[in-house]
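Enquirer: Before I ask anything, let me first share the structure, which is written out below as structure tokens.
The values are calculated or read from the model by the stated rules, or taken from the named source; none is laboratory data. Model, not experiment: these values are computed from the prediction. Note: ideal-geometry Cβ built from the backbone for every residue, glycine included; neighbour counts use all protein chains shown. These area figures cover heavy atoms from the full protein model, side chains too; ligands, DNA and RNA do not enter into them. Shrake-Rupley method; radii C 1.70, N 1.55, O 1.52, S 1.80 Å.
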Amino acid sequence: GGFFGIGAYGVALMTLRGGLSFWIALPLAGLISAVIGFLIGLPALRTKGSYFAISSLCFGVIIYIVAGAWINFTGGYTGLVGIPTPSPIPFPFLGEISFRTQTSQYYLVLAFLLLTLWAMHRVVYSLQGYNFMAIRNNETLAEAVGINSFRNKMIAFVVSNFFVAIAGGLWAPLMGSISPSATHFVLTFNFIIMLLLGGIATLAGPIIGAFTIPFLMDSLHPLGHFRLVFFGALLIVVMIYFQRGLMGWLTNAWHRGKNYYEQRKGGKQNAAKG
């Protein structure tokens, strides 16, 4: 949530007060978030388990406090309003593509989503990605075969901070305003719930979670605050019985169905030969 807010505030300040184009401010905000992530990761990534979770959560709280208290820079708890929409993209002989309508903004976000998925797919199925997965599966064994755990964690941390800042930088101009709530640690928990419900260790899982959670929130809105009790129970069930989330369950169901079909097909062929 903190790095999401850094990207959002970065784009908002650079376009609203700095006069930069959105297409320049967006990658700059991502780079700023990556650099801050590198500096934070130097001490934080030397911790493990709950200690890392606490240290990263504290950083998010610090960002929230700074965003609310630095009135002259961030606008304080009132926030920033009037953030310009993304700059139009000119095309020779075809005019320009503007992003003033919700439809065009939707396709803009969709394009960035597909680009991010392509980049993540390239990372996962590269030599670097295999190092990441080796550390995820067994960090001790990965270090025993010569993989530098700290360096690879730092790379993963910096890359993730860059992409989450890009998400925040897209969100701010489309909303038109921003407040410190964009950096709140509750946003971090929402991201975690989306990931766990959709499915960790998958590319499609976070997308499923990102679509499912808002739908459930709207459906359970009449329950008021009691819907959080439902989400707590749902999260417990998922963590115990569906550790890879909905995507993992769908993948397992697909493999079971495929194996059943192949067994039936093999049995029929054997019966025909007999």
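Enquirer: Does any residue in the range 1-26 that is free of Cβ contacts under 8 Å to residues at least 60 places away in the same chain and over 26 Å from Ser55 (Cα atoms) come within less than 7 Å, Cβ to Cβ, of a residue that is assigned to a helix (DSSP H, G or I) and open to solvent by 20 Å² or more (accessible area, probe 1.4 Å) six or more places away or on a different chain, and which pairs are these?
Expert: Met14/Leu28; Leu20/Met14
Enquirer: Moving on to the next point. Would you point out which residue out of Phe185, Phe230 is farther than 28 Å from Val81 by Cβ and of a type in the set (Phe, Trp, Tyr)?
Expert: Phe230
Enquirer: Would you mind stating whether Phe162 is open to solvent by 70 Å² or more (accessible area, probe 1.4 Å), among the aromatic types (Phe, Trp, Tyr) and part of a helix (DSSP H, G or I)?
Expert: no
Enquirer: With respect to Ile193, is the statement that it is under 18 Å from the mean Cα position of the chain (by Cα), at pLDDT below 85, in a helix (DSSP H, G or I) and among the aliphatic types (A, V, I, L, M) true?
Expert: It is true that Ile193 is under 18 Å from the mean Cα position of the chain (by Cα), at pLDDT below 85, in a helix (DSSP H, G or I) and among the aliphatic types (A, V, I, L, M).
Enquirer: I've got another one for you. Return the residues of the range 167-184 that are open to solvent by 20 Å² or more (accessible area, probe 1.4 Å) and within 18 Å of Gly60 (Cβ to Cβ); say none if nothing qualifies.
Expert: Ala167, Trp171, Ser179, Ser181, His184
Enquirer: Could you run through the range 61-87 and say how many residues are open to solvent by less than 90 Å² (accessible area, probe 1.4 Å), out of contact with any His (no Cβ under 8 Å at 6 or more places or on another chain) and of a type in the set (Ser, Thr, Tyr)?
Expert: Result for the range 61-87: 3.
Enquirer: Determine, yes or no, whether Val109 is within 30 Å of Ile208 (Cβ to Cβ), touching a residue at least 40 places away in the same chain (Cβ under 8 Å), open to solvent by 40 Å² or more (accessible area, probe 1.4 Å) and of a type outside the set (Phe, Trp, Tyr).
Expert: Against the criterion (within 30 Å of Ile208 (Cβ to Cβ), touching a residue at least 40 places away in the same chain (Cβ under 8 Å), open to solvent by 40 Å² or more (accessible area, probe 1.4 Å) and of a type outside the set (Phe, Trp, Tyr)), Val109 qualifies.
Enquirer: Pull up the range 20-60, narrow it to residues that are open to solvent by 70 Å² or more (accessible area, probe 1.4 Å) and among the hydroxyl-bearing types (Ser, Thr, Tyr), then point me to the one that is modelled with the lowest pLDDT.
Expert: That would be Ser50.
Enquirer: Just for the range 217-250: of the residues that are open to solvent by less than 40 Å² (accessible area, probe 1.4 Å) and in a helix (DSSP H, G or I), which one is farthest from Phe189 (Cα to Cα)?
Expert: So, considering only residues that are open to solvent by less than 40 Å² (accessible area, probe 1.4 Å) and in a helix (DSSP H, G or I), the one farthest from Phe189 (Cα to Cα) is Gly248.
Enquirer: Also: Consider Val145 carefully, then state whether it is touching a residue at least 40 places away in the same chain (Cβ under 8 Å) and either open to solvent by 30 Å² or more (accessible area, probe 1.4 Å) or touching an Asp or Glu at 6+ places or on another chain (Cβ under 6 Å) (or both).
Expert: no
Enquirer: Would you pick out the residues in the range 148-159 that are charged (D, E, K, R) and open to solvent by 60 Å² or more (accessible area, probe 1.4 Å)?
Expert: Passing the criteria: only Arg151.
Enquirer: If we scan the range 209-221, do we find a residue that is modelled with pLDDT of 85 or more, over 29 Å from Gly75 (Cβ atoms) and touching a Gly at 6+ places or on another chain (Cβ under 7 Å)?
Expert: yes
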